[in-house]
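Read-outs: derived from the displayed coordinates by stated rules, not from any lab. Everything quoted here is computed from the prediction, not taken from an experiment. Note that we place each Cβ from the backbone using ideal geometry, even for glycine, and neighbour counts take in every protein chain shown.
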Amino acid sequence: MRSDAYLFGQIIGSNSFLLQDGFLQPDQYAEISEHYFLPGGETGTAATVLSSLGVSVKVDGTKPGPGVAPMLREFYRDKSVDLSSLTSDEGQEDVVDYVVIAGLVRSPMGRFQHLHAGGVPYWNSPREEDIRSCRAAAIDPFFGEDSEKAARLCVKHGVPYVTIDCPHDRYLHIHAAVNVVSGECLAEHYAGRPAEEVLPLLQETAEGLVIVTSGGGDMLFARRDGPIRRMKPFPVRVRSTLGAGDTFKAGCVYGVLNGFDDERLVRFASACSGIAISRFPLPLYPPRPEEVAFLMENGALPE
């Protein structure tokens, strides 16, 4: 069965804890005001958002363990998200994270280094049929050769794809329709170099659009041999930044599917992300098309 979008990457069980009175302090008690166990990860969050925007999605990547699989099935039961490619091995370990949140600040915890060190992939390999039968894709870069395999299959079948946080010399970056690069990626791969200095390097090897985000700061975006443009994010009241980048990625996929020009795509993705950070938990209140349209038209959310 054909889907609008194919997403490959992290789809996990996410434990999110919203604190009542500011972020954790050493040796001090912190009151949890809200706690949820819901789909998370870059792909899980993007799938939820795209479904809310009316896109049919097929996901693959992280193998769900016995504690995560039932939650995923129940959560997506009434949504346009196809989980049929998410197969697991017997005895598969649950892949979960724990995120502590207080307004603009959050800290994720997990066992991903442990999982990678195990030597056995905790994810599935992408299937050619899934990619061939979609109109656009999103690929997380965290699964090494399998992430690149997904990109190569997209190129083979002429499927435009969005990726995130890929440096200038990676296949995923070079052939992407959109590569969204965060400040964290710049710090890891281009330490000490400002975004204005790194973006030309990314432009030089890119076949598509490169977007550099910086939280609440200006976004920069450009194509090879084109001018660098700036855009301010939408001003919203921040409740939680969890999922902001994943929602931005989802907005980029939506823009690719609908043939948006660069400025409209970045603005649409920014509006999706702005709505995401204005609420908690995001999986239960993802941005809806009419909300995104309102924010883009009015520049602010209703009080």
Q: Please state the charge dipole magnitude for the chain, taken about the Cα centre, from unit charges on C-beta atoms (+1 on K and R, -1 on D and E), reported in debye and rounded to the nearest 20.
A: 620
Q | 222 nm mean residue ellipticity, helices alone, for the chain (DSSP H n ≥ 4; -39,500 (n - 2.57); rounded to 500) | A | -10000 deg cm²/dmol
Q. Order of 169-179, 241-251 by packing, highest average Cβ count within 10 Å first?
A. 241-251, 169-179
Q) With labels modelled as points extended 7 Å from the Cα through the Cβ direction, what inter-label distance (nm, one decimal) is found for Asp89 paired with Ser125? A) 1.3
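What's the tally of Lys pairs in the chain whose alpha-carbon atoms lie under 18 angstrom apart, where the two lysines are 8 or more places apart or on different chains?
5
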Q) Once Lys and Arg get +1 and Asp and Glu get -1 on their Cβ, which of Ser56, Gly40, Met109 lies farthest toward the positive end of the dipole of the range 3-298? A) Ser56
Q. Can you work out D for the range 3-298 in µm² s⁻¹ from Stokes-Einstein, where Rh is the Kirkwood radius over C-alpha pairs, the temperature is 25 °C and the viscosity is 0.890 mPa s?
A. 127
Q | Euclidean distance between Cα centres, the range 197-214 to the range 167-194, Å | A | 7
**Q.** Ordering of 274-280, 71-77, 190-196 by burial proxy (mean other Cβ atoms within 10 Å per residue, highest first)
**A.** 274-280, 71-77, 190-196
**Q.** Dipole in debye (nearest 20) - the range 263-303, about Cα centre, beta carbon charges: Lys, Arg +1; Asp, Glu -1
**A.** 140
(Q) Quick check for me: using +1 on Lys/Arg Cβ and -1 on Asp/Glu Cβ, what's the dipole size of the range 204-303 about its Cα centre, in debye to the nearest 20? (A) 260
Q) Could you give the distance between the Cα centres of the range 85-129 and the range 226-258, to the whole Å? A) 24
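Could you tell me whether the range 117-273 comes out rounded, prolate or oblate from its Cα gyration tensor? Rule is a ≥ b ≥ c as square roots of the eigenvalues, rounded for a/c under 1.5, then prolate if a/b exceeds b/c, otherwise oblate.
Rounded, because the longest to shortest axis ratio a/c is under 1.5.
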(Q) Can you list the DSSP H helices in the chain whose Cα atoms extend at least 15 Å along the helix axis and whose mean Kyte-Doolittle hydropathy is -1.0 or higher? (A) 41-52, 144-157, 195-205, 244-257, 262-277
